[in-house]
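Working notes, beginning with the structure itself.
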Amino acid sequence: MEFNARYILTGLFAVVVVIAMFFFVWWLDNKSGFGERANYQVRFTVPISGLNAGSDVLFNGIKVGEVDKIQLDAGNPGALIATISIATITPVHADTTVGIDYQGLTGAANVLLTGGSADAPRLTGDAANPPLLEADPGASRSWTQKASRILGVIDDVLEKNSGRFDAILAGLERLAGGGSDKEQKVTHDLLAPTSFSTSAPADTRQLSVSEPSVVLALNSDRILERIDDATRPIGDARWADALPALFQARIIQGFENAGYQNVMRPADALDPEYRLVLDIRGFWLADKSPRAPDGEIDLVAKILDRDGAVIASRHFAASAPAAGVDEASAAAALGQVFSSTAGDLVSWTAEKLQ
């Protein structure tokens, strides 16, 4: 009797296992347990990588079903159609957008359904007649495809505007002080005077030399040519610094060459005994056609005491012939006229301060 009972229990167990297997297979076939499913077809018009049968279908980021199968569109070689099976309660409307959601860097793809308005008609269908949804091409590309597309657009823009970008880069390079030796512009300098008619006074009181005031045309580092009443740059010729700062530096150096050691810029002199104020009214290559041009300088110097009273003033004007109107000739003539005038200025100042 006990022997028969064991066989009966074994048989019942086998029947239960078989029935459970049938239910499990039915559940797998319905994808989501015992709930009803709605079928839709999605047409993609761009290449889709990483999407396979069994991939998840998400609605607003929540899993609602799976991809049943993927097949090529016989009527359009550039498209493919994916059949999806999702829960019937999923609110798929006529304006629901469809795209691909790529998971991380692995490239696993899921079908992503997004929103839709409540006023739009709802789409329903069955396995025999599933509604067709058109996927958004822009939302269906992988990040690698998007990057490739963007790089292609950038490459096209760069190719069409290569000349402009080269000019911009060359300008930035010049601004940063770079560039090849061929592109480096030659600059010219002024030499401080070394010969003087009067030596510095024995009791050298403190003297500050202000940065000269200039007319607008001279407030730059360009070497200028004056024709009639107009000025223009000579080629791309430039001084080593802006003209007012260069004048100030070389005149201070001239005082030091003359033995006047207590001379400095206003920022370095807290309460100077005297101040030398300069006004440059002309410093250019003057066109003297039909004869050769001259390098001309025209400036006014004033010596002020601590209270700002003018104790002496003088107008300096001089010229020197130039060999031509090229950069080198203009720089040489202007350098010569500056050195002689600056020497006279230092000697005159030393004489007045005695």
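The values are calculated or read from the model by the stated rules, or taken from the named source; none is laboratory data. As the structure is a computational prediction, the values presented were derived from the model and not from experiment. Cβ sites come from the backbone with ideal geometry, for glycine too, and all protein chains shown count toward neighbours.
Can you tell me which residue among V42, V64, V57 is in contact with a Lys or Arg (Cβ under 9 Å, 6 or more places away or on another chain), at pLDDT 80 or above and either assigned to a strand (DSSP E or B) or outside the structural domain of A87 (by TED's automatic domain parsing) (or both)?
Values: V42 fails: in contact with a Lys or Arg (Cβ under 9 Å, 6 or more places away or on another chain); V64 fails: in contact with a Lys or Arg (Cβ under 9 Å, 6 or more places away or on another chain).
Step by step, each of V42, V64, V57 is checked, and only V57 is in contact with a Lys or Arg (Cβ under 9 Å, 6 or more places away or on another chain), at pLDDT 80 or above and either assigned to a strand (DSSP E or B) or outside the structural domain of A87 (by TED's automatic domain parsing) (or both).
Of the residues contained in the stretch 214-222, one or more are found to be in contact with a helix residue (DSSP H, G or I) (Cβ under 9 Å, 6 or more places away or on another chain), modelled with pLDDT of 80 or more and over 30 Å from Q261 (Cα atoms). Residues in the stretch 242-268 that are at negative phi, modelled with pLDDT under 90 and part of a loop (DSSP other than H, G, I, E, B): A258, Y260, Q261, N262, R265.
Taken together, the residues in the stretch 343-354 that are touching a Phe, Trp or Tyr at 6+ places or on another chain (Cβ under 8 Å) and either at pLDDT below 90 or of a type outside the set (D, E) (or both) amount to 7. Looking at A120, A109, A82 in this structure, which one is assigned by TED's automatic domain parsing to the domain that holds Q41, touching a strand residue (DSSP E or B) at 6+ places or on another chain (Cβ under 8 Å), of a type in the set (G, A, S) and closer than 21 Å to E36 by Cβ? Criteria check complete, one pass: A82.
When each of E296, E225 is tested for being in contact with a Gly (Cβ under 9 Å, 6 or more places away or on another chain) and of a type in the set (D, E), the lone residue that passes is E296.
Step by step: first the residues of the stretch 197-210, then only those that are at pLDDT 85 or above and buried (at least 18 other Cβ atoms within 10 Å of the Cβ), then the one that is farthest from A267 (Cα to Cα). Which residue is that? Full working, then the answer.
Within the stretch 197-210, the first condition is being at pLDDT 85 or above, and the residues that meet it are 206-210.
In the following step, the residues that additionally are buried (at least 18 other Cβ atoms within 10 Å of the Cβ) were identified as 207-209.
Values: L207: 12, S208: 9, V209: 10 Å.
Looking at the filtered set, the residue picked out is L207.
Of all residue pairs spaced 6 or more apart or on separate chains, those with beta-carbon atoms under 6 Å, a first member in the stretch 24-53 that is over 18 Å from A79 (Cβ atoms) and small (G, A, S) and a second member that is at pLDDT below 85 and part of a loop (DSSP other than H, G, I, E, B) are A38/T88.
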